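Presented below is the structure to which this report refers.
The values are calculated or read from the model by the stated rules, or taken from the named source; none is laboratory data. All figures in this text were calculated on a predicted structure; none of them were measured in a lab. Cβ coordinates were reconstructed from backbone atoms using ideal geometry, including for glycine residues, and neighbour counts include every protein chain displayed. Surface areas here come from the heavy atoms of the whole protein model, side chains and all, with no ligands, DNA or RNA. Shrake-Rupley method; radii C 1.70, N 1.55, O 1.52, S 1.80 Å.
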Amino acid sequence: MMKRLIVTTLFWCALPASAAEPDGMGPLRGTGDLGLAVERASGSVVLLDTTLRRAIGRIDGLGDLSHASAVFSRDARYAYVFGRDGGLTKLDLLTGRVVKRIVQSGNAIGGAISQDGRTIAVANYTPGGVRVFDSQTLELIADIPTDSKVVGIEDAPGNRFVFSLWDKGEIWIADLSENPRAPRITRYTDIGQQPYDALVSPDGRWYIAGLYGENGLAVLDLWAPEKGVRRVLPDYGRGQERLPVYKMPHLETWAVVGNLAFIPGVGQHEVVIVDLDRWTQVGAIAVAGQPVFVMAEPTGRRLWVNFAFPHYDTVQVIDVPGRQIVHTLKPGKAVLHMEFTPRGEQVWLSVRDADRVDIYDTATFRKLGELPAASPSGIFFSARAHRIGL
Amino acid sequence: MTRFVRQECGFCHGLRLTGGLGAPLTAEAMRDRPIEYLEAVIQHGIPGTAMPGWVPHLTPRQVHWIAERLREGFPP
């Protein structure tokens, strides 16, 4: 009797899964080689297959996708896309459909998924604050007003979200480990003027915020948050001349190789090398323009760098051990983003004004292919599902 | 030029110019600003904010054109 009951229960549980089997996208498949590219001007995304090197679908109706980004569910099936207009859209990579879409604020800048995968947090400009949603249903479960634009929201171990307040110069930790509906907030004030973006190191230990209003970085040790935020690298930043910055560098994908971090200079035409044991600058590599993304191949051997206006037609590749540029590519105007396949044999670049996503072999720098995409910006592969701080 | 404003300014002000890290550049927000003020901001930026000066990359005529369009509502 007991056995039969279990069998019946299992069968019943299996029903929704089979009902949700892919339709229109072929037979059963995995999602580990899938991803998406944001089409920023048309409010759509292109679904990508990195094995076939093809677009396998397009999803429209996602609103204003300027500065859009995406995170992935822990089973790597669903993508959550954060739009400028406060839109939060849950996509199914297998069926190529929108599962649910909400507009959760008036103006937003990105989001993160918790370590346990149960909650999604969105950083908002208007109204300033963070809203937390159930990742299954997108039901609002916590609202954290900050009275400031929120930037640099990251997930951290222990089901915490860490974020910075642009207008107030603060870092907050929202700890959801006890009760996601009532996050425990820790505030750090006077961390520096105008934090503009942040990252969590790949090991989940350091939350590092870049400062626009002054030199230096604000660093919080998430293994010892009681020690507070400290300021490091007093010479890192825009310098005395306050160079104009035509596009804010992105820090989230800071390249960390061994004990060294390679970070974009602010306003400067250089990649700065930082010793993470001592938090000191140990070098700089001159590059073609103001870096936006400095991304390490998954192996850590090389860095790929793209640039702000007016040098955004260029990508440079830096050899890490040699600390020098080994290749310069000119894919076309406005290379906005780069994404490596999970093991790093390919890099996919979005070339906005050419309406193309280009695929390069990272070993030979040979172009492997190109896909049409309308004004593509961010490219996000599902392997991000299993990395902290993205 | 329209594309330049939508795309490059759009990084901070949003593709729809409804604001982001930068202020909204909608007609409602811009209408009452003197044209000379808008031109000065585009050319020289606003110290203490993230707004850079674009003077090395735009001619005075282009700046004037952008400022005028912003006041009447920037074309799509």
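Going 7 Å from the Cα of residue A:326 in the Cα-to-Cβ direction, what parts of the range A:354-376 have a backbone nitrogen less than 20 Å from that spot?
A:359-368
If you take the Cα atoms of the protein assembly as shown, find Rg, then find the Kirkwood Rh from the mean of 1/r over all pairs, what is Rg/Rh?
0.97
In nm, to one decimal, how far is the modelled label at residue B:23 from the one at residue A:187, with both set 7 Å along Cα→Cβ?
So the two model labels end up 2.7 nm from each other.
For every other residue with a beta carbon closer than 14 angstrom to the beta carbon of residue B:8, add +1 if it is Lys or Arg and -1 if Asp or Glu, then tell me the sum.
Here the charged neighbours net out to +4.
In Å² (nearest 100), what accessible area is buried between B and A, both sides summed, heavy protein atoms only, 1.4 Å probe?
Numbers: alone 4990 and 16570 Å², together 19490 Å².
The summed interface area works out to 2100 Å².
Once phi is turned into θ = phi - 60°, what whole-Hz ³J(HN,Hα) does the Karplus curve with 6.51, -1.76 and 1.60 give for every residue of the range A:374-390, x standing for Gly and Pro?
Whole-Hz 3J(HN,Hα) from phi for the range A:374-390: 7, 6, x, 10, x, 10, 9, 9, 5, 4, 4, 3, 10, 10, 7, x, 10.
Kindly provide log₁₀ I(q)/I(0) values, in the same order as q = 0.10, 0.17 Å⁻¹, from the Debye equation applied to equal alpha-carbon scatterers of the range A:210-365.
Debye curve over Cα of the range A:210-365, log10 I(q)/I(0) at q = 0.10, 0.17 Å⁻¹: -0.36, -0.98.
Enter the mean number of other protein chain beta carbons within 10 Å of the beta carbon of each residue in B:1-11, as an integer.
4
Can you give the Rg to Rh ratio for the range A:37-93, taking only C-alpha atoms and Rh from Kirkwood?
0.96
When Lys and Arg each count +1 and Asp and Glu each count -1, what net charge do the other residues less than 13 Å away from residue A:297, Cβ to Cβ, add up to?
-1
Distances longer than 17 Å among the Cα atoms of the range B:2-72: what percent of all pairs is that? Working shown, then result.
Details: 905 of 2485 pairs.
When every Cα pair of the range B:2-72 is considered, 36 percent fall beyond 17 Å.
Using helices alone, what [θ] at 222 nm do you get for chain A, with -39,500 (n - 2.57) per DSSP H run of 4 or more residues, divided over all residues and rounded to the nearest 500?
One gets -1500 deg cm²/dmol as the mean residue ellipticity at 222 nm.
Please give the net charge around residue A:279, taking every other residue with its beta carbon less than 10 angstrom from that of residue A:279, where Lys and Arg add +1 and Asp and Glu add -1.
+1
Anything over 26 Å Cα to Cα? Flag those among A:100/A:333; A:90/A:227; A:100/A:247; A:168/A:247; A:149/A:247, in the order listed.
Among A:100/A:333; A:90/A:227; A:100/A:247; A:168/A:247; A:149/A:247, the Cα-Cα distance tops 26 Å for A:100/A:333; A:90/A:227; A:100/A:247.
For the range A:131-164, which residues drop by 30 square angstrom or more in accessible area between the chain on its own and all protein chains together (1.4 Å probe)?
A:149
Put a dot 7 Å past each Cα toward the Cβ at residue B:43 and residue A:299; how far apart are the dots in nm?
Here the answer is 5.2 nm between the modelled labels.
Would you be so kind as to list the residues of the range A:96-121 that have their accessible area lowered by at least 10 Å² in the full protein complex compared with their chain by itself (1.4 Å probe)?
A:107
Sort A:245-253, A:91-99 for me by packing, meaning the mean count of neighbouring Cβ atoms within 10 Å per residue, highest on top.
Order by mean packing, descending: A:245-253, A:91-99.
Would you mind giving the mean number of other chain beta-carbons within 10 Å of the Cβ of each residue in A:66-72, as a whole number?
3
Using only C-alpha positions, report the orientation-averaged shadow area of the convex hull of the range A:143-261, nm², one decimal.
It is 7.7 nm².
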